[in-house]
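FYI, it's all coordinate maths here, none of it is from the lab. Predicted model, so just to flag it, every value in this text is computed and none were measured. We place every Cβ from the backbone using ideal geometry, glycine too, and count neighbours over all the protein chains shown.
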Amino acid sequence: MSEVKLNPDWLAAIGGEFDQPYMAALKQFLADERAQGKTIHPRPRDWFAAFDATSPQDVRVVILGQDPYHGPGQAHGLCFSVQPGVRTPPSLINIYKEMQGDLGIPRASHGHLKYWADQGVLLLNNCLTVETGRAASHQGKGWEKFTDAAVAAVAADPAPKVFILWGSHAQKKAANVPGLGTDSPHLILRAPHPSPLSAHNGFFGSRPFSRANEFLTAHGRGAIDWQLPERPGA
């Protein structure tokens, strides 16, 4: 992991994780995979892109994904987001459909979500890497412990935040995090995953975007502008 450097604010919050044995094992696993000629997504410089885009003190919303997209050119380190010019994946199309039903925002022409991250939406995958064409191929290698520590650090900060948990995987991950229990100062929104297999089982109509903004506004943290600019990076 010498190719990447963590955001200094995150380093202060969870930098100790890099000294843990599981991170040494993860580093070796990734080096071995690359030495065997396997293609890993996203690029090494993007492994910590979610942390680079959103400092811990700026987090207002957390959206938990599972794995990076495993197709060529898709993943760039933000969950559910794809590189500019890449076709919008089905799950993100359903997220846009729900956003339109919830807030009346028309579907964006692209799938690049950094505009959200820049406003304090931490777009964090459970695992930060994946082998091309092999979903879940890097699960159980150590990333989960690292991202658990990140979620726990965010939850430990008492400033009210919204945790959006889509699907059982994200919900199970958050269930054991201190600070996300019944006495949490944060709003925890649970719904089925937006994938085509489950979106019609309660994801549509769950209104996460308006509910998040209502909570943030009521607690003096300001609403998120969920409408993406027509041109990524604009």
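For the chain, the Cα-based Rg and Dmax, in that order, read 16.9, 52 Å. Between SER55 and SER168, the modelled label-to-label distance comes to 4.0 nm, taking each label 7 Å out from Cα in the direction of the beta carbon.
The slack between GLU131 and PHE204, meaning 0.36 nm per residue of separation minus the straight C-alpha distance, is 23.2 nm. For the cross-link pairs LYS27/LYS161; LYS5/LYS173; LYS5/LYS97; LYS5/LYS141; LYS27/LYS114, the ones whose C-alpha atoms lie over 29 Å apart are LYS27/LYS161; LYS5/LYS97. Residue separation of ASP183 and ASP9 scaled by 0.36 nm, minus their Cα-Cα distance, works out to 60.0 nm of gained length.
Kirkwood analysis of segment 159-234, using all unique Cα-Cα pairs, places the hydrodynamic radius at 13.9 Å.
Could you work out how much longer the chain between THR217 and LYS27 gets when fully extended? Use 0.36 nm per residue separation minus the Cα distance between them, nm to one decimal.
Working: separation 190, 0.36 × 190 = 68.40 nm, distance 4.10 nm.
Here the answer is 64.3 nm.
Taking the centroid of alpha carbons for each part, segment 46-63 and segment 191-210 are 23 Å apart. Once divided by 2.2 N^0.38 Å, the Cα radius of gyration of segment 97-213 becomes 1.12.
Please give the direction-averaged projected area of the C-alpha convex hull for segment 136-193, in square nanometres with one decimal. Could the numbers behind the result be given before it?
Numbers: hull surface 16.1 nm².
Directional mean of the projected Cα hull area for segment 136-193 stands at 4.0 nm².
Shape summary: segment 1-53 maps onto an equivalent ellipsoid whose semi-axes, from the alpha-carbon gyration tensor, are 21, 15, 7 Å in decreasing order. Just the number: Rg to Rh for segment 14-144, Cα atoms, Kirkwood Rh, two decimals. Result: Rg/Rh = 0.99.
I need the peptides 148-154, 181-187, 198-204 ranked by packing, meaning the mean over residues of other C-beta atoms within 10 angstrom, with the highest value on top.
Working: 148-154: 19.9, 181-187: 13.0, 198-204: 15.6.
Put in order of decreasing packing, that is 148-154, 198-204, 181-187.
Listed by chain and number, the aspartates and glutamates placed with their C-alpha closer than 17 angstrom to that of LYS172 are ASP67, GLU144, ASP148; residues fewer than eight positions away on the same chain are left out.
With a cut-off of 8 Å between alpha carbons and a minimum separation of six or more residues, what is the relative contact order of segment 73-130 in percent?
Details: 62 pairs, mean separation 22.2, N = 58.
In percent, rounded to a whole number, it is 38.
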